[in-house]
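The values are calculated or read from the model by the stated rules, or taken from the named source; none is laboratory data. Since the model is a prediction, treat every value here as computed from it, not as a measurement. Because the Cβ atoms are built from the backbone with ideal geometry, glycine has one as well, and the counts that use them run over all protein chains shown. Heavy atoms of the whole protein, side chains included, go into the accessibility calculation; ligands, DNA and RNA do not. Shrake-Rupley method; radii C 1.70, N 1.55, O 1.52, S 1.80 Å.
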Amino acid sequence: MQIKDLLIQAVGFLGTVVFFFSYQCKSNKNLFRCQFVSYLLYTTHLLMLGALTGGISYIINMFRSFCLGSENKFLKGKPMCIVICGLQLITLAVTWDGFPSVLPVAANIAATIGGYTYNARKIRIAGMFVNSPLWIIYDIIIGSWAGILDEAVSELSMIISVVRYGWKNLDKNQC
């Protein structure tokens, strides 16, 4: 492995560390802010790998995290959820490179819908059962070792948060 390849994976691994800590935030606002930083690192990582659909999807994820962590009612509202999901679909159409392109877009739409419920339990369900599994498959296809680790660590972090806070305590809407 060349130094360039190691650097590309290192950027992704740093994103993994930041994302792990995001699910340890009890406040959804802090969770979304932490994820914003992680998405910035992953955008860089994926674009360096040449994974255009994944990279652009992560740019939209950064915008989504900004909106969800914002105090602005419009940015936090259901119409913005629809806009963000629409942007993901446009990304799919513009960057289409076969079936693998569907994976990050479908994952991010699920995470977006989960996020806009403002329900910590639903956010984690979307992450554990849709978002992470689809991203793992995509990361295997594109060769993102950092991405595979990130999703495995994310799954672990979500499980820890469920154990730590309990399913019942996570079933509250927080804006």
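The table below gives the values:
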item	result
Tally of residues being modelled with pLDDT of 95 or more and among the hydroxyl-bearing types (Ser, Thr, Tyr) across segment 118-143	2
Cβ-Cβ under 9 Å pairs, at least 6 apart or on other chains, segment 45-61 side over 12 Å from GLY147 (Cα atoms) and without any contact (Cβ under 8 Å) to a residue 24 or more places away in the chain, far side small (Gly, Ala, Ser) and open to solvent by less than 10 Å² (accessible area, probe 1.4 Å)	LEU47/GLY54; LEU47/GLY55
Hits in segment 30-49 - residues which are at pLDDT 90 or above and surrounded by fewer than 20 Cβ atoms within 10 Å (Cβ to Cβ)	LEU40, THR44, LEU47, MET48
Residue list for segment 1-29, restricted to those being surrounded by 14 or more Cβ atoms within 10 Å (Cβ to Cβ), of a type in the set (Lys, Arg) and part of a helix (DSSP H, G or I)	LYS29
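A quick yes/no check of all residues on (1) of a type in the set (D, E, K, R); (2) more than 20 Å from VAL153 (Cα to Cα); (3) over 11 Å from the mean Cα position of the chain (by Cα); (4) modelled with pLDDT of 95 or more:
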position	(1), (2), (3), (4)
CYS67	no, yes, yes, no
SER70	no, yes, yes, no
LYS78	yes, yes, yes, yes
GLY86	no, yes, yes, yes
PHE99	no, yes, yes, yes
ALA111	no, no, no, yes
